[in-house]
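Throughout, read-outs are computed from the coordinates displayed, never taken from laboratory work. Since the structure is predicted, the reported quantities are computational estimates derived from the model, not experimental observations. Here the Cβ positions follow ideal geometry from the backbone for every residue, glycine too, while neighbour counts run over all protein chains shown.
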Amino acid sequence: MGRPRTNDAAVRERLVACATEMFATRAQESVTVRALATAAGTSTAAVYTLFQGKDGLIREVRDQAVAGLFRDLTAVPDSGDALKDLYALAVAYRRWGLEHRHLYAVLFGGAQSFVPSHRIGDGDPVRPLVSAIERAVAGHVLAGDTTLIAVSFWVALHGLVTLELSGSLGGAAADAAFRSTVDAVLRGWATPSSFTGLRSKE
């Protein structure tokens, strides 16, 4: 019988899937290459062959999370209404977090967690949010420093999603908290003449 393959696509996918869950639920330092290989049903050699070690596997998991969130946010169409677009982006962000809880935890709360910044390039997973805010400021719909607006908006979204993922918010209470929080954040940065209430835009 031949030796098990350590470098095919199926092994790679299993390692990434196992690493995604393990890094999302355990401290990075507690996850060993042996544990990852065992969980994926392969050898430790596969981790080094395919990813050059644990750090490379962490980067792959994070890159997949970045790409997935960026793809979903980029797919939100530009309606020409800045506030409506920001609300739609917030909805897409929340949906992605709830549908990809392990990837979300890796990206924003686990190994090599990500902190968004308008200075990061197009690979920034929340760049579509920042771009929409930049358009809103340029169009005098929102007023203030773009970075401060982006940080406050992301902090609100991240807090809401994190509370939902932890089970602290759920059902109708989560929906109500989401609507009222997004509404309040945008109202706080909106120019007096531009804000008519996001609930009427849903």
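Points worth noting:
- Summarising the amide proton neighbourhood of Leu142: residues at separation of 5 or more, or on other chains, whose placed amide H is nearer than 5 Å comprise Val137, Thr191.
- Simple spin-label estimate for Thr191 and Ser30 gives 5.2 nm between the two label positions (7 Å along the Cα-to-Cβ direction from each Cα).
- Under-5 Å amide H pairs with Leu169, H placed in peptide plane, nonlocal only: Glu164
- For segment 75-89, 3J(HN,Hα) per residue [Karplus equation, 6.51 cos²θ - 1.76 cosθ + 1.60, θ = phi - 60°, Hz, x = Gly/Pro]: 6, 6, x, 8, 8, x, 9, 4, 5, 5, 5, 5, 5, 5, 5
- Between helix 146-166 and the chain: long-axis angle, C-alpha atoms, 0 to 90°, nearest 10: 60
- The charge dipole of the chain, taken about its Cα centre with unit charges on the Cβ atoms of Lys, Arg (+1), Asp and Glu (-1) only, comes to about 440 debye.
- The helix-only estimate of mean residue ellipticity at 222 nm for the chain, built from DSSP H runs of length n ≥ 4 each weighted as -39500 (n - 2.57), is -21500 deg cm²/dmol after division by the residue total.
- Net charge contributed by nearby residues that have their C-beta within less than 14 Å of Ala75 (K/R +1, D/E -1): -1
- Charge dipole (the chain, unit charges on Cβ, about Cα centre) - positive-most of Leu89, Ala17, Ser194: Ala17
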